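Here is the structure we will look at, set down as C-alpha cells.
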Amino acid sequence: MVEDLILRVTSVEDIPANVASDLVIMFNTVATRTPMIFPESEEIAQYVRKWRKFLELIKVLGASLKEIEIRWASGKGPLAKEFTAIQVKQLIRALFQNTERRSILLASIK
C-alpha cells in the first residue's frame, strides 16, 4: 500500500496546496497508527519496504522550497537518500508554482 501511495503521489503533475495538506493529514494518520501493528519500531522499516521513503514524502508534502532544499542538501541529505533527483524535481513542480525561486532550486538538484 505504501509503495502504491508513493508512486501515485510522485506521478501527479499538479498537487494543490489544500490537497497536499490533506495528504499530510491522511499519511500522518497511517504513520502514527502503523506502529500499533509492529511491537518494535525498527520492524516497520524491515517489513514495510518503502517506509522511510513514505515518511520523507510526508515531510516534502508539507515543506516549503527552503525546507526541501535543506533536506536535499546537495544530494546528500535525507531526501536524497529516499528519492532520485528526477522524483524530487517532479514533486517540486507538482507542489509549487513556477517562480524564480522554484527554477533556481530545480536547477540546483542534480
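The values are calculated or read from the model by the stated rules, or taken from the named source; none is laboratory data. Fair warning: this is a prediction, and the values are worked out from it, not measured in the lab. Backbone-built Cβ (ideal geometry, glycine too); neighbour counts: all protein chains shown. For accessibility, only protein heavy atoms count, side chains too; no ligands or nucleic acids. Shrake-Rupley method; radii C 1.70, N 1.55, O 1.52, S 1.80 Å.
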| Can you tell me how many residues in region 44-57 are closer than 16 Å to residue 12 by Cα and either surrounded by fewer than 19 Cβ atoms within 10 Å (Cβ to Cβ) or small (Gly, Ala, Ser) (or both)? | 0
| request: Filter region 85-94 down to residues that are in contact (Cβ under 8 Å) with a residue 24 or more places away in the chain and either open to solvent by 30 Å² or more (accessible area, probe 1.4 Å) or in contact with a His (Cβ under 6 Å, 6 or more places away or on another chain) (or both), then give me how many there are. | output: 3
| query | Would region 11-34 turn up any residue that is touching a residue at least 40 places away in the same chain (Cβ under 8 Å), under 22 Å from residue 94 (Cα atoms), open to solvent by less than 60 Å² (accessible area, probe 1.4 Å) and of a type outside the set (Gly, Ala, Ser)? | reply | yes
| Subset of region 63-79 [out of contact with any Gly (no Cβ under 9 Å at 6 or more places or on another chain) and surrounded by fewer than 16 Cβ atoms within 10 Å (Cβ to Cβ)] | 64, 66, 67, 73, 74, 75, 76, 77, 78
| query | Do the conditions hold for residue 35, that is, is it over 15 Å from residue 1 (Cβ atoms) and assigned to a loop (DSSP other than H, G, I, E, B)? | reply | no
| field | Matching entry among 82, 100 (being of a type in the set (Asp, Glu) and surrounded by 14 or more Cβ atoms within 10 Å (Cβ to Cβ)) | value | 82
| task | Only one of these is within 30 Å of residue 107 (Cβ to Cβ) and not in a helix (DSSP H, G or I): 15, 86, 70. Name it. | result | 15
| task | Kindly indicate whether residue 77 is out of contact with any Ser or Thr (no Cβ under 9 Å at 6 or more places or on another chain), modelled with pLDDT of 95 or more and either small (Gly, Ala, Ser) or over 19 Å from residue 20 (Cα atoms) (or both). | result | yes
